[in-house]
Amino acid sequence: MNDVSNPFPQPVSGTVTPRFGDVATFMRLPLFRNPADVEIGMVGVPWDGGTTNRPGARHGPRQMRDLSTMMRRIHHVTRVAPYELAKCGDLGDASVNPASLDDSLERIERFYSKLHAAGVTPLSAGGDHLITLPIMRGMVHFDAHSDTWDTYFGGYKYTHGTPFRRAVEEGLLDPKRVVQIGIRGSLYKRDDNDWAVEQGMRVITIEEYFDLGVEKVIAEARRVVGDGPTYVSFDVDGIDPAFAPGTGTPEVGGLTPREALAILRGLAGIDVIGADVVEVAPQYDATTNTAHVGAQMLFTELCLVAANPKRTKQTASATRR
């Protein structure tokens, strides 16, 4: 195993210990319990109490940890080596209460408040999409669904279909700096997605995405989020279920993993202050393809966070002092 006192911990190499060996951690990084020990903390949030269709995303973090053992040290396209740029580590799981939605939201918020106080940039694996609510500001959002519905089942405001509406209402999120990519699927009502647009969110449906193409969508995303702090949220149901069937609310006709990875790479240089991958529900995918997709997205997000120019400048300044 690695020496966890190393200021820049490195993943265990698959050329030294086989990928299927030892205890699974995100990217085969050391496990830390003190957030002050890392700059970028990878966290599991094993909770799906906001799910309204197929449950099971509570098991997503564990399988993404397992399949993230396939990730090596350097991104093959961008050549970013995140473990050379930041102290990265697995911070375990946020505390959750599977019997209480309200208590789980409070527990998750307390956990991330501690990370924020320690100056940690979080990279999270869910869990359903409601887990994103406590941890965001500006956002790039990949999804099949807008997740800006108001209520479900006669007045329930906290589900995986409502987090971004609640975030805007609570002042956590500037809707004019939100871009949603890949939105599709049938609607309950004709105006289901109108609220997001009325608030100023840039909603790129899957049909518009195919009309524009990858490069123009990247340019539009960069225009919308600008230079401000940006949180990237990736719902795995943004990917077509032909490639990622293991999710609670699959929608056909989505992005391919190749397209999604290209868009993520195109966000290089943006002030990414955190990111997540959510809604991986392993029991619906015997092939493990969905968790493989999730792990690849997590690694690409990790490279974005580690290479964030504002973060690296702050680190260099602190080191000089």
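The values are calculated or read from the model by the stated rules, or taken from the named source; none is laboratory data. What you see is a predicted model; the values in this text were computed from it and never measured. For neighbour counting, all protein chains shown are included, and Cβ atoms are generated from backbone atoms with ideal geometry for every residue, glycine included. Quick note on the areas: whole protein, heavy atoms, side chains included, nothing else; ligands and nucleic acids left out. Shrake-Rupley method; radii C 1.70, N 1.55, O 1.52, S 1.80 Å.
What to note about this one:
Table: residues versus (1) buried (at least 17 other Cβ atoms within 10 Å of the Cβ); (2) on the phi < 0 side of the Ramachandran plot.
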position: Thr15; (1), (2): no, yes
position: Arg28; (1), (2): yes, no
position: Ala57; (1), (2): yes, yes
position: His75; (1), (2): yes, yes
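- Of the listed requirements (1) in contact (Cβ under 8 Å) with a residue 40 or more places away in the chain; (2) under 23 Å from Glu84 (Cα atoms), Leu261 misses just one: (1).
- Taken over the stretch 97-131, the residue count meeting the criterion of being buried (at least 23 other Cβ atoms within 10 Å of the Cβ) and within 16 Å of Thr159 (Cα to Cα) is 8.
- Residues in the stretch 59-82 that are among the charged types (D, E, K, R) and outside any loop (DSSP other than H, G, I, E, B) were compared, and the one that is farthest from the chain's Cα centre (by Cα) is Asp66.
- Cβ-Cβ under 6 Å pairs, at least 6 apart or on other chains, the stretch 215-226 side buried (at least 19 other Cβ atoms within 10 Å of the Cβ), far side among the β-branched types (Val, Ile, Thr) and part of a helix (DSSP H, G or I): Ile218/Ile263
- Residue that is surrounded by the most Cβ atoms within 10 Å (Cβ to Cβ), among those in the stretch 183-212 that are touching a Ser or Thr at 6+ places or on another chain (Cβ under 7 Å) and not in a strand (DSSP E or B): Ala196
- The set of residues from the stretch 227-273 being outside any helix (DSSP H, G or I), open to solvent by less than 10 Å² (accessible area, probe 1.4 Å) and under 18 Å from Arg58 (Cα atoms) comprises Ser233, Phe234, Asp235, Ala244, Gly246, Thr247, Gly248.
- Output for the stretch 283-294, where each listed residue is more than 10 Å from the chain's Cα centre (by Cα) and crowded, with 23+ Cβ neighbours inside 10 Å: Thr290, Ala291, Val293
Each row is one residue, and each column tells you yes or no for (1) in contact with a strand residue (DSSP E or B) (Cβ under 7 Å, 6 or more places away or on another chain); (2) without any contact (Cβ under 8 Å) to a residue 24 or more places away in the chain.
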{"residue": "Ala196", "(1), (2)": "yes, no"}
{"residue": "Glu208", "(1), (2)": "no, yes"}
{"residue": "Val236", "(1), (2)": "yes, no"}
{"residue": "Phe243", "(1), (2)": "no, no"}
{"residue": "Val272", "(1), (2)": "yes, no"}
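- Given (1) out of contact with any Asp or Glu (no Cβ under 6 Å at 6 or more places or on another chain); (2) surrounded by fewer than 22 Cβ atoms within 10 Å (Cβ to Cβ); (3) modelled with pLDDT of 95 or more, number of the condition Leu67 does not satisfy: (2)
- Sub-6 Å Cβ pairs linking a first residue in the stretch 113-134 that is closer than 15 Å to Arg65 by Cβ and among the polar types (S, T, N, Q) to a second residue that is at pLDDT 95 or above and open to solvent by less than 10 Å² (accessible area, probe 1.4 Å), at least 6 apart or interchain, are Ser124/Val43; Ser124/Val45; Ser124/Asp276, ordered by first then second residue.
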